[in-house]
Structure formats: C-alpha cells, structure tokens
Amino acid sequence: MRRLAWGGTIAALAGLWLLAARALWGTTVPADLSLPELDVLDYFTAAEIDLAERFERVLLMLTVFSTFAVLVSLGALAALGRHLGRRIGLGRIATGILLGVLSLTVVWMIVLPFEVASEWWQRRHGLSRASYADTLTASWVGLLIEVTAAALIIAAGMGLAARLRRYWWVVAAPALTALTIGLVFAQPYLFVDAETLRRPALVRDARSLARSIGVEGTPVKVDEVHKDTTQANALALGLGSTSRIILWDTLLDGRFRPGEIRVVIAHEFGHIARKHLWKGVAWSALFTVPILLLVAELTRLRGGLADPAAIPLLLLLLVAVQLVVAPLYNVISRRYEQEADWTALQATRDPASATELFRRFATTSLGDPNPPAWAHILLGTHPTTIERIEMAESFAERR
C-alpha cells in the first residue's frame, strides 16, 4: 500500500511537471515559420569559415578533455570518500564540508591548466586582452566564492538529511529555488559594474524600442570590458524592478553600425518582455526537483547525504546530471533566444541589419557559423549563426 501511494505521488508530480513545462515552452514565434536552407558560403568566405572552425576546434577539445578530467577526479574522490572522511576525523558536518572543499579544490586545480590554455588560444587570436595574472586572480576568487557557498549549502543539506533522511530534497528544492530567485534579482548589483548609456542617439533609439516592445523604463547600461576582450556582447539581467540590459562597450567601438546595435538592444528587451529570466528560474525549479530526488536516492549508496562520505559522490552526481540534461537546457535556451530574435525583428523591421549583425558577431568572435551537430547539441545556447540569418531572411519574406 505504501509503495502504491508513493507511486501515485510520483505520477501526480510528473503530470504537474509536464503541464508546467508545456506552459513554459510556448513562445510568440509563429508556429508556421519555415526557415529557408541557406548556403553558409553566401554569407561567409571560405577563409572566414576555415579560421572559425580551427579556432573553435581547439576550444571544443579543451572543453571535452577538461570535462573528462573532472569526472575522473570526482569519481576517484567519491570512491575514497569514506577513507578520506576517517582520515579527517572531525565532526560529521565539519568532515562533510572539508570533503566538499577538498573536492572543489581538486577540480579547480585540474581545470585551471585548461582555462589558461583557453586564455592563451584566445590571446593568440586577438580576442582576449586579459593578462594571465588577471585570469589566475579571477579563477582564485571564483574558487573562494564557490567553496564558501558550497560549505553553507553542504552544512544545510546534511542538517536536513539528518532530520528528514531520504526526504531532505522536499525542503531543499524550494529553498534552492528561492535562492536562485534572489541571486537573479540581485545579479545586476552583485556581478556587473556598468554605467548608464550616454550616447544621445542610442538613448533615443533604446527608449523608442522599449516603448514598442512593452518594457518602457528598463535601464540600458554599458559595461567597460575592452581592457579584457575584443568580443562584443549584450545581456539582459535582473527580475522585476532590477531588470536592465547591459551592452559591452566593445559593441560601441565602431565595428557595429547603428542599425545593428538597435537589433541588439531590441533582442535584449525581448528577453525582458517575454519573461525569459522568470521562465529560466521556473525551468530551474522544474529540473531541481527530479535532480535532487535522484541525488537523494543515489547518495544512499554512501549512507545518505547525512553521511560525510556521500559528499564527493554528491558532487560527482551533480556534474554528471548536468552533462546529461545540458542538451535539454540548451534546447530551451535556443528557443528563447529565437523568440528574442523574432521580437527584435518585429520591433526594428530591419532584417538586413539583423543579418549583418549576426554575420559580424561571428567574424569578430571567430564563431563557427555552422558548428558540428554534436557541439551545437551539447554546448549551443543560441541558434547557429546561419539559423539566425535564416530567421531574418524568413521575416523579410513574410513582410
């Protein structure tokens, strides 16, 4: 009877999950939109494509090798978890925290050479201007933040597991969702030091676009990144009253025409207008529940999360699950990016500028306009460059 009730509960939760996912999946992109099959050579020279492919190939190789090394190292630590716990010999939670910090530090040491190699490769191709000292400092600061946050989360998780045993995830899932909402809400103040956009013509364009898209009053800021990179980018950050868009100052250095910058601004306003950041939080909550349930069951192989020996296994499981669900996350991200592109096309009515923007983004960042399918599935958070150009061309045909 107990198993029947548990099975019914899981089935009901799965049904609610699917209903919520279906509601979040919808976008304003026309269901009958058909993209033309364009030849990438009509928009990029063979030399541009060859350079981008060679550049991306090395970065992909570094990513694959780095990921494999992380999985192997965490696997070894998970196997040694109980032995290491006895060697530490402190209290239960303190031992768990130290095992977590040790695991994250080992991962950092393994990943660091790959990060330095990636930095060297980008510097060689003129994309990065950051010094190696800056790279190492940023990596070290990132580790400190990561281990501090991990220590707090591990302590809270082990405390919950000691009280609720295998059902600790029931409380942990909403708590992590609340934490995610808080971080996304505060992100513009925590991680970005940006100034107000002061170019009169762009300010007027931004206000006009904000009115037409329905996000009037959303601030537009500029982040000075030119000392670190030559790549151009823009971001939508925050929730509710903290919503804003951030333009990298490399977007305003003369390489991009006014019409192209208007498309970028409209695209980022589209993220805010279509509630993509809120939807991202909702998707995070939807994935957190089954992931934590799975982790709760699998960590019982090491005595459950209350046992410090389970902490290295916990980290291994989280990395492995992240790899497994990454393709689905990417599909969702690409769908919302496509909707933001469509919103920008509707607002600017300028598919020619959109096409040139996507082309110029690829050439200035050495992005492969049509990457290998496996790389796009595993790592692609945006539609490919040629797919974005195809959408602009499709919009032009529908006008």
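Overview of values
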quantity	calculated
Residues of segment 296-315 that turn out to be surrounded by fewer than 18 Cβ atoms within 10 Å (Cβ to Cβ) and in a helix (DSSP H, G or I), as a count	4
Among the residues listed as Gly217, Gly238, the single one being buried (at least 21 other Cβ atoms within 10 Å of the Cβ) and on the phi > 0 side of the Ramachandran plot	Gly238
Residue in segment 18-39 that is at pLDDT 90 or above, surrounded by 10 or more Cβ atoms within 10 Å (Cβ to Cβ) and within 26 Å of Leu112 (Cβ to Cβ) present	no
Out of Ala52, Ala76, sole residue that is of a type outside the set (Ser, Thr, Tyr) and loosely packed, with under 15 Cβ neighbours inside 10 Å	Ala76
Candidate set: segment 11-52, residues that are among the β-branched types (Val, Ile, Thr) and not in a helix (DSSP H, G or I); chosen: the one farthest from Ala273 (Cα to Cα)	Thr45
Answer residue from segment 276-295, given it is without any contact (Cβ under 8 Å) to a residue 60 or more places away in the chain and more than 16 Å from the chain's Cα centre (by Cα) and is surrounded by the fewest Cβ atoms within 10 Å (Cβ to Cβ) among those	Leu294
Only listed residue being in a helix (DSSP H, G or I), farther than 30 Å from Ala173 by Cβ, of a type outside the set (Ser, Thr, Tyr) and at pLDDT below 95, chosen from Arg86, Arg57, Arg82	Arg86
Odd one out for Ser333 among (1) of a type in the set (Gly, Ala, Ser); (2) crowded, with 19+ Cβ neighbours inside 10 Å; (3) under 22 Å from the mean Cα position of the chain (by Cα)	(2)
Hey, Thr180 among the polar types (S, T, N, Q) and in contact with a strand residue (DSSP E or B) (Cβ under 9 Å, 6 or more places away or on another chain) or not	no
Residue in segment 190-203 that is of a type in the set (Phe, Trp, Tyr) and touching a residue at least 40 places away in the same chain (Cβ under 8 Å) present	no
Number of the exception - Gln187 against (1) over 30 Å from Asp134 (Cβ atoms); (2) part of a helix (DSSP H, G or I)	(1)
Subset of segment 124-152 (residues that are part of a helix (DSSP H, G or I), small (Gly, Ala, Ser) and more than 18 Å from Ile110 (Cβ to Cβ))	Ala133, Ala149, Ala151
Residue match in segment 247-264 (condition: exposed (fewer than 15 other Cβ atoms within 10 Å of the Cβ), without any contact (Cβ under 8 Å) to a residue 12 or more places away in the chain and part of a loop (DSSP other than H, G, I, E, B))	yes
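The values are calculated or read from the model by the stated rules, or taken from the named source; none is laboratory data. Worth saying up front: this structure is predicted, and the values here are computed from it rather than measured. We place every Cβ from the backbone using ideal geometry, glycine too, and count neighbours over all the protein chains shown.
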